Ligand SMILES: Cc1cc2nc3c(=O)[nH]c(=O)nc-3n(C[C@H](O)[C@H](O)[C@H](O)COP(=O)(O)OP(=O)(O)OC[C@H]3O[C@@H](n4cnc5c(N)ncnc54)[C@H](O)[C@@H]3O)c2cc1C
């Protein structure tokens, strides 16, 4: 009986992006914790564009889960099914839980180990370095940040960015998109809007666009938005909890609607706010606090609630400048650059996981 009372509750966290990583870090001393992720490492997703032009930076952005989660059972496999009490993984493992937290924002990178991931960044760097001209496809935050990183690191390269929408950075206001466009064109990046690229046409280094333009480029990078990683939930007890965009519907305590012991945090949720890593970390902090209370037997009324955040987003433009959207205000240049662009919050994120700012 004593043993039963002293036993820790089992918490399964599915997804090892920033939301799942921070949650697991906060809970590992308080629960019998399982982190389920198809790869062995956590990657600081918003630093990937810098990692492609600076391999030594990549070393700090790819962190083995075991480094910051010494007290967690790490299951390196994708979750493929859940019930109200168990998660099944692609390798056929079954993890029982008292509480489940789903944090599978987007499909992660295909590389399984940290060294594979770092080799992939090195290969991207080698490709960019060897190229005279680079084509970036997509004008959302990834495409804009990658084009900016390339032209900042290699000012002599010919960089072309093609975006099928009418303007850059459609997830924030028009002014922010215009400022990013002005910055890129001032650095001689060619920006083509309202057209798509036929990537199959590029085998001889000439890519055709839907508008009949021909772009010479030695290599290309595809930077299109990633879908939510929720298709694996369609045949589960959460099938009715997914909205039309494949996001999990949650209440203001991050409980998945209709379920008492299943929570969701980060980009996978339907919370009406910009999808941002710093907000995902905020979700994780609240759910960790609430789960600690629930595991101590506290009542629902003691739980903290969450209010969707006002729009705030920062897009880096190389290492020194950026563009920021704060509610209706748009700022560009060195001030947003000072906040984000130097280190891309990598040191801060590492510290939140209890690690040193550098990778040594
Ligand atoms: C270019 C760019 C710049 C950005 N800049 C910023 C910024 O300046 N500040 C900021 O706060 N945010 C920024 N963001 C947004 C930020 O990256 C995301 O909001 C954040 O990464 C979301 O975290 P997450 O943990 O919810 O999801 P993700 O980071 O998508 O992680 C999901 C995890 O789930 C795992 N997974 C997927 N499917 C399964 C499965 N079936 N089973 C198990 N695991 C699974 C994946 O492997 C991955 O590890 C930026 C994004 C981009 C693209």
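FYI, it's all coordinate maths here, none of it is from the lab. Values in this document were obtained by computation on a predicted structure and should not be read as measured data. All Cβ positions, glycine included, derive from the backbone under ideal geometry; neighbour counts span all protein chains shown.
Note on residue 257/residue 292: beta-carbon distance plugged into 1/(1 + (r/R0)^6) with R0 of 22 Å gives a FRET efficiency of 0.45.
For the pair region 132-193 / region 288-302, the C-alpha centres are spaced 46 Å from each other. Between the C-alpha center of region 1-67 and that of region 240-266 there is a gap of 21 Å.
Placing a label point 7 Å from the Cα of residue 224 along the Cα-to-Cβ line, the residues of region 152-174 whose backbone N sits under 18 Å from it are 161-171. Spacing of the modelled spin labels on residue 66 and residue 328, each 7 Å from Cα toward Cβ, amounts to 5.4 nm.
With Rg and the Kirkwood Rh both taken from Cα atoms, where does Rg over Rh land for region 1-153?
1.08
With one equal scatterer per alpha carbon and no solvent term, the Debye-computed log10 I(q)/I(0) for the chain at 0.12, 0.13, 0.15 1/Å reads -0.92, -1.06, -1.32. Sorted on the mean count of surrounding Cβ atoms within 10 Å across their residues, most packed first, peptides 163-170, 328-335, 147-154 read 147-154, 163-170, 328-335. Note on the chain: antiparallel DSSP beta bridges, both residues inside, total approximately 50 percent of the bridges counted.
To the nearest 500 deg cm²/dmol, what mean residue ellipticity at 222 nm is calculated for the chain from DSSP H runs of n ≥ 4 alone, each contributing -39,500 (n - 2.57), summed and divided by the residues?
Details: 10 runs with 99 residues, N = 360.
My calculation for the chain gives -8000 deg cm²/dmol from helical runs alone.
A full extension of the chain between residue 208 and residue 304 corresponds to an added length of 29.2 nm, given 0.36 nm per residue minus the alpha carbon distance. Binning all Cα-Cα separations of region 289-360 at 10 Å, short to long from zero, yields these whole-percent fractions: 18, 25, 28, 21, 9, 0.
Using DSSP, restrict attention to beta bridges with both residues in region 16-169 and report what percent are antiparallel, rounded to the nearest 5. Kindly include the intermediate steps, with their values, before the conclusion.
Numbers: 9 of 18 bridges.
Among the beta bridges of region 16-169, antiparallel pairing accounts for roughly 50 percent.
For region 158-209, the spread of Cα positions along the three principal axes, ordered from largest to smallest, is 37, 22, 12 Å.
The C-alpha atoms of the chain define a longest principal axis, and helix 141-153 lies at about 50 degrees to it. In this structure, residue 239 and residue 201 have a Cβ-Cβ separation that, at R0 = 56 Å, corresponds to a calculated FRET efficiency of about 0.90. The packing ranking, built from the mean of other Cβ atoms within 10 Å per residue, places the peptides 287-295, 102-110, 182-190 in the order 102-110, 287-295, 182-190, highest first. The packing ranking of peptides 125-132, 260-267, highest mean first, is 260-267, 125-132, where packing means the average number of other beta carbon atoms within 10 angstrom of each residue.
Over region 203-305, what is the relative contact order in whole percent, taking alpha-carbon pairs under 8 Å and six or more residues apart? It would help to have the intermediate numbers written out before the result.
Details: 100 pairs, mean separation 16.2, N = 103.
Rounded, it is 16 percent for region 203-305.
Taking the empirical scaling 2.2 N^0.38 Å for compact globular proteins as reference, region 82-212 has a Cα radius of gyration ratio of 1.41. Residues 10, 214, 119, arranged from fewest to most other Cβ atoms within 10 angstrom of their Cβ, appear as 214, 119, 10.
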